[in-house]
1. Suppose the filter is assigned to a helix (DSSP H, G or I), among the hydroxyl-bearing types (Ser, Thr, Tyr) and modelled with pLDDT of 95 or more; does residue 84 pass it?
2. Would a scan of segment 153-163 turn up a residue that is in contact (Cβ under 8 Å) with a residue 24 or more places away in the chain, closer than 27 Å to residue 103 by Cβ and charged (D, E, K, R)?
3. Picking from 265, 304, which residue would you name as being in contact with a Phe, Trp or Tyr (Cβ under 6 Å, 6 or more places away or on another chain), assigned by TED's automatic domain parsing to the domain that holds residue 99 and aliphatic (A, V, I, L, M)?
4. Of the residues 138, 186, which single one is β-branched (Val, Ile, Thr), in the same structural domain as residue 217 (by TED's automatic domain parsing) and touching a helix residue (DSSP H, G or I) at 6+ places or on another chain (Cβ under 8 Å)?
5. Is one or more of the residues making up segment 297-308 at pLDDT below 90 and either under 15 Å from residue 363 (Cβ atoms) or not charged (D, E, K, R) (or both)?
6. Would you check which residues across segment 178-201 are outside any strand (DSSP E or B) and touching a residue at least 12 places away in the same chain (Cβ under 8 Å) and list them?
7. I need the full set of residues from segment 221-235 which are modelled with pLDDT of 90 or more and of a type in the set (A, V, I, L, M), in order please.
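The values are calculated or read from the model by the stated rules, or taken from the named source; none is laboratory data. Computed from a predicted structure; not experimentally measured. Neighbour counts are summed over all protein chains in view; Cβ atoms, including those assigned to glycine, are modelled from backbone coordinates with ideal geometry.
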Amino acid sequence: MSQSTVRPAGKSWREINQERKALKRHRNEEKIVKREKRLALEKETEMKCKEEAEREKKYAEISTISIAVPGSILENAQSAELRTYLAGQIARAACVFCVDEVIVYDDIGDKFDTKKSKLEDVDGVKVARKSCVQLARILQYLECPQYLRKHFFPLHKDLEFAGLLNPLDAPHHLRLSNDFKFREGITMNKKVKPGRGSQVNVGLHQDVSTDKLLNPGIRVTVRMLPISDGSKKIKGKIVSLTTPRAETGVYWGYTVRIANSLGQVFTQSLYKDGYDLTIGTSDKGTNIDDLPSKELRYNHALVVFGGLHGIEAALESDEQLQVDEAHLLFNHYVNVLPNQGSRTIRTEEAILVALSGLRTKLKANNEPMVFNESGIPCSSTFPVSKDDITNNSSQIDLSKFD
C-alpha cells in the first residue's frame, strides 16, 4: 500500500477529504489574490506611464523663444579675447531674456574660402564655418553648469579666454548647498546591479541612482527624489530637459544649434511644426513701436539678427532660398531702434534692444508658470526671505565667481 493512501490515525476519510478541499480552496484564493494584486500593479504602472506621457506632451507644448545669430560677427572682433567676450555678451543676453534656443548660422556661405571646424550640437556633429563653431562652443560652455564643464569641454583653443567671461549665474547652475528638486548631471561609467539605472553625477558629494540605464558621458536632467528614512543612497528620476521649467516655471537654460545657411535656420527647426512666428531685425524694417501690444501670439517664436551687412547679405549668400526681398521671409520685419544715434548697431547690442522691445509685444499661447518655490540661487527674480538674509549675512558665497 502506497504512503498517500494511508489514513492518518484518528481521522476519517471524510475529514481528510474536507481538509484537502479546504487547503486547495485556500491555495486557489491565494492565487486569485496574487493575480489581482499583479493586475492592479500593472494597471497602476500603465496609468502612471500614461499620465507621465501626457505630462511630457503637455510640457513639450510650452511656448519657446529662439534667436538666430550669425557666426561671422566674431570675425569682426580685433583679438581672440574680444571674440570670446563678444560670445559671452550674447550668452548673457540669451540667459537674461530666458531664450530657449540659440541658432548660430553662417551668413557668408562658401563665397570665400574659409576654415571649417566640427562641433556637436543638438542635431549631432556639424561641420561649419570656424567662427560659427567657436561662437556655438562658447555658448555651450557658458550654459553648462560649472561642475559638468570638465566632463564635456576638454582644453580647446576656442575656450582659451573663456575664464575671463562673466558667468551666466543661471538658475540651473546649482551649487552644492542648493536644495532643488531638479539638477543637471552626467551619466557615470560605473557598474550597477541588474535592473538598476545609471549613476549620475549632479554636483553633489554622492552620485545619484536613477531609473534608466544609459551610456556613460550623457548629459541628463534629474528629478531628485525624497530620501527615505535610514537610507544613505540618493535616488533620482531622469526627465526631459523641458520638465523643470514646465513644472516649476524656473528658466533652465538654452540649447545651441548650428545652421550652415539662413534657410537652415527655418528648415532644421527642432520643433515638429517649426516656428509659427518669425521676426527679422533690420534698419530697413518697420518701426517696432508700430507693433500692437501683446498681439503677437506664438507657440515657437524666432527672432533673426543680421551680421555686419544685415540679413539682406545673408539672403544673397544662400543659394537655396528663392526669395528676392528679405522681409518676405518673416511674419514681421522690424527696426528695433528707429532714429539711432550711431550709424550702426552691433549685433550683440541689437539682441538686447530687440528682446527688450519685444517683451511688450509677444504673447505666449502656453506661457510657463511663474516660479514661486525655493532651493535655487537667489537673485532679483527669486527673492530670499528675511530669515535667510539674517542667517547668511556673515557667509559670503564666492561660488558665483567660478
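1. Taking the combined requirement at face value, the residue satisfies it.
2. yes
3. 265
4. On the way: 138 fails: in the same structural domain as residue 217 (by TED's automatic domain parsing).
Going through 138, 186 in turn, just one is β-branched (Val, Ile, Thr), in the same structural domain as residue 217 (by TED's automatic domain parsing) and touching a helix residue (DSSP H, G or I) at 6+ places or on another chain (Cβ under 8 Å): 186.
5. Yes - at least one qualifying residue is present in segment 297-308.
6. Taking segment 178-201 as the starting set, the residues that turn out to be outside any strand (DSSP E or B) are 178-181, 188-198.
Within segment 178-201, 178, 179, 180, 181, 188, 189, 190, 192, 196, 197, 198 qualify.
7. 222, 224, 225, 234
Yes or no, residue by residue, for (1) over 15 Å from the mean Cα position of the chain (by Cα); (2) without any contact (Cβ under 8 Å) to a residue 12 or more places away in the chain:
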| position | (1), (2) |
| --- | --- |
| 94 | no, no |
| 103 | no, no |
| 106 | yes, no |
| 118 | yes, no |
| 124 | yes, yes |
| 132 | yes, no |
| 137 | yes, no |
